[in-house]
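Q: My structure is below; once you've seen it, I'll send some questions.
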Amino acid sequence: SAGANFVFARSRFFSDMAALLQKHARIPNYDALTATCQQPLPPLVIEGLELFNQGEYYKCHDALEAAWNEDQTAGRELYRGILQVGIAYYQIQRGNYRGAVKMLLRVRQWLDPLPDWCRGIHVAKLRQEAATVQEALTTLGADSVGSFDQQLFQPVEYKITN
């Protein structure tokens, strides 16, 4: 019921630590992120952002996922981050507390390495809004997710750049 797939003794965990870190740790290339964040938003991302901002969190997934699949630059993780914030909001709307918490925890790995603005998207604001939703959700708890204040779901702030 805790959501763990495996249980390891501390000695095994520490003996495998180097291999685990090498396999799973993500080390951002900040130079590549800075360069790619100067690029304009592709049309699919703009479509996904519009759907997100209309509260169509499930529908925005398709456009942002397609953009993520097409983009092979370091900046593609921006799309994954926005997509996962949208999925978290969708899970809250459905009353799926565990799914929402899981997405809100996961999204940090994609948004945290990004600069405050990337491709015209106000990433710092999105990070803060997702953190606010996460805090409100965990304070409310699983039994009260149905009464979550959805006014906390804010649109993604962005500007079209060339």
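The values are calculated or read from the model by the stated rules, or taken from the named source; none is laboratory data. Quick caveat: nothing in here was measured; it's all calculated off a predicted structure. Note that we place each Cβ from the backbone using ideal geometry, even for glycine, and neighbour counts take in every protein chain shown.
Q: With the requirement that a residue be more than 17 Å from Ile92 (Cα to Cα) and surrounded by 19 or more Cβ atoms within 10 Å (Cβ to Cβ), what does region 134-159 give you? So that I can check it myself, show each step before the final result.
A: At the first step, the residues of region 134-159 found to be more than 17 Å from Ile92 (Cα to Cα) are 156-159.
Listed by number, the residues that qualify are Val156, Tyr158.
Q: Given the conditions (1) closer than 15 Å to Tyr57 by Cβ; (2) small (Gly, Ala, Ser); (3) in contact (Cβ under 8 Å) with a residue 24 or more places away in the chain, report the number of the one that Ala142 does not fulfil.
A: Condition not satisfied by Ala142: (1).
Q: Further question on the same structure: Kindly list the number of the only condition in (1) assigned to a helix (DSSP H, G or I); (2) under 20 Å from Gln109 (Cα atoms); (3) without any contact (Cβ under 8 Å) to a residue 12 or more places away in the chain; (4) not acidic (Asp, Glu) that fails for Lys59.
A: (2)
Q: Which of the residues belonging to region 86-102 are in contact with a Lys or Arg (Cβ under 9 Å, 6 or more places away or on another chain) and either hydrophobic (A, V, I, L, M, F, W, C) or under 17 Å from Cys37 (Cα atoms) (or both)?
A: Ala88, Ala100
Q: Still on this model: Being of a type outside the set (A, V, I, L, M, F, W, C) and part of a helix (DSSP H, G or I) is true for just one of Gln151, Gln72. Which residue is that? Quick ask: steps written out before the conclusion?
A: Values: Gln72 fails: part of a helix (DSSP H, G or I).
Checking each option against the conditions leaves just Gln151.
Q: Name the residues in region 75-129 that are among the acidic types (Asp, Glu) and either in a loop (DSSP other than H, G, I, E, B) or over 15 Å from Leu41 (Cβ atoms) (or both), would you?
A: Start the filter on region 75-129 by keeping residues that are among the acidic types (Asp, Glu), which leaves 77, 112, 116, 129.
Within region 75-129, Asp112, Asp116, Glu129 qualify.
Q: Restricted to region 85-115, and to residues that are under 19 Å from Arg26 (Cα atoms) and without any contact (Cβ under 8 Å) to a residue 24 or more places away in the chain, which residue is surrounded by the most Cβ atoms within 10 Å (Cβ to Cβ)?
A: So in region 85-115, the residues under 19 Å from Arg26 (Cα atoms) come out as 102-115.
Within this subset, residues satisfying the condition of being without any contact (Cβ under 8 Å) to a residue 24 or more places away in the chain are 102-103, 106, 108, 112.
Values: Lys102: 16, Met103: 22, Arg106: 14, Arg108: 15, Asp112: 11.
Going through the qualifying residues, I end up with Met103.
Q: Checking Ala131 against (1) among the hydrophobic types (A, V, I, L, M, F, W, C); (2) out of contact with any strand residue (DSSP E or B) (no Cβ under 6 Å at 6 or more places or on another chain); (3) surrounded by 15 or more Cβ atoms within 10 Å (Cβ to Cβ); (4) at pLDDT 95 or above: exactly one of these is not met. Which one?
A: The failed condition is (3).
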